[in-house]
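Since every read-out is calculated from the coordinates, none of them should be taken as a lab result. The structure displayed is predicted, hence computed values, not measured ones. Counting neighbours? That spans all protein chains shown, and the Cβs are built from the backbone with ideal geometry, glycine included.
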């Protein structure tokens, strides 16, 4: 299924944010706000369906890590995700 999905704008922005390295949900949202400006609005919980879709399609992968004594799910680009960024 990888490569057969048309990436929409939010997908591309998430991939761009993750290009700098692994991040967890809150930091992804903050990076998107900084990147897209104050007019960016994604409803609470709206990011996670995007992340799940990108992971299912093979563009990103996730792992649980401990950050500041809390378990957080971090996301990072796969090789396919890096290739999609260069298109």
**Request:** Counting only C-alpha contacts under 8 Å and six or more residues apart, can you give the relative contact order of the chain as a whole percent?
**Result:** 36
**Item:** Exposure proxy order (Cβ contacts within 10 Å, fewest to most) of 82, 41
**Value:** 41, 82
**Fill in**
If 74, 66 are placed from fewest to most neighbouring beta carbons inside 10 Å, the sequence is 66, 74
**Prompt:** In what order do 20, 61 fall by count of nearby beta-carbon atoms within 10 Å, going from fewest to most?
**Reply:** 20, 61
**Asked** Which log10 I(q)/I(0) values, to two decimals, does the chain give at q = 0.13, 0.21 Å⁻¹ under the Debye formula with one point per Cα?
**Response** -0.39, -1.01
**Within the chain, helix-based [θ] at 222 nm, where runs of 4 or more DSSP H residues each add -39,500 (n - 2.57), nearest 500** = -13000 deg cm²/dmol
